[in-house]
1. Starting with the fewest neighbours, write out MET116, MET51 ranked by other beta-carbon atoms found within 10 Å of each beta-carbon.
2. Order the peptides 82-91, 202-211 from the highest to the lowest mean number of other Cβ atoms within 10 Å of their residues.
3. Within a 10 angstrom radius of the beta carbon, how do LYS172, LYS162, LYS261 rank from fewest other beta carbons to most?
4. Could you please rank TYR246, TYR255, TYR191, placing first whichever residue has the fewest other Cβ atoms within 10 Å of its Cβ?
5. Quick check on the chain: helices-only [θ] at 222 nm, where DSSP H runs of length 4 and up contribute -39,500 (n - 2.57) each and the sum goes over total residues. Nearest 500, please.
6. Out of every Cα pair in segment 43-261, what percent are spaced more than 20 Å from each other?
7. Under unit Cβ charges (Lys, Arg +1; Asp, Glu -1), what dipole magnitude, rounded to 20 debye, does the chain have relative to its Cα centre?
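FYI, it's all coordinate maths here, none of it is from the lab. It should be emphasised that the depicted structure is a prediction, and the values quoted were computed from it without experimental measurement. Positions of Cβ are generated from backbone atoms using ideal geometry, with glycine treated the same way; all protein chains shown enter the neighbour counts.
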Amino acid sequence: MSAPSKQLPIVDSTTPPDGTVKVADPNPSLILGAHSLCPGCGEPVALRLLMESLQDLGIVDRSIGVVGHGCYGSFVRIMDIDVLQCLHGRAPSCATGIKRVRPDSVVFTLQGDGDMVNEGLQEVLHSAARAENITCILLNNGVFGDTGGQATATTVVGQRTKTSLDGRDPAKHGYPIPVSDLVASLDGSGYVARGHVGDPGGVTRTKKMIKEALQSQLDGNGLSLVEILTMCPTGWFVPAGEGPNYQQQSMEQTYPMGVLKRPGGAD
């Protein structure tokens, strides 16, 4: 009987010449599974940028997330960090309590436009006025996506929703609220920016904004806010592939991209 052949390790082309085998990613993803959101949705991209920013800054073990109510609420099941979900619109107040009790932690909120601007506008404005040292992430797609696509306070003029089928009309529905501009105008805010995830360039710039906002919190500059325009083809009545173009042609005309405020000036 012939001797059994020696079992060799299964390696790939990245195995170093010395024969060592990589058995684990030294920087594993903080996203533990697949999301359940619609095709073409921009919110999972924003989540990835946020999680990567925590890793890049080396603050994962110190981070605590406070999630509002919306489609993104399902992210609490796949975020590998400490996180809690609060009542509608109340994330900045919950984050304030956490930060005051645990001042060495890095606390952020993750909210949609319906949650932050419709249901909790007073929460984020008062938190900014008090210079609470937290970071707020706004996922703005201009609709209540989780409940069917109704108009929100950030829906732009002319935008079709389930409750503005002919487009938002200021005479009937009023004008959109530019919450980032309001927060930037308050002395208690340290960093405010608006980005998008509609193309690779926007993704890169938005990640930089998130990291700057978190760093502003680490530096103790008061409330920081990053508004991220995210695609919602389902709520916008457009095919998934057309979401980025629709976002650029409608929302970005009302909400210009860029840093609105940073310590020492926005430029």
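1. MET51, MET116
2. Details: 82-91: 17.9, 202-211: 20.1.
Listed from highest to lowest mean packing, they are 202-211, 82-91.
3. Sorted ascending by nearby Cβ count, the order is LYS172, LYS162, LYS261.
4. With the fewest neighbours first, TYR246, TYR255, TYR191 line up as TYR246, TYR255, TYR191.
5. -8000 deg cm²/dmol
6. Numbers: 12755 of 23871 pairs.
When every Cα pair of segment 43-261 is considered, 53 percent fall beyond 20 Å.
7. Details: 21 positive and 27 negative charges, 33 e Å.
The calculated dipole for the chain is roughly 160 debye.
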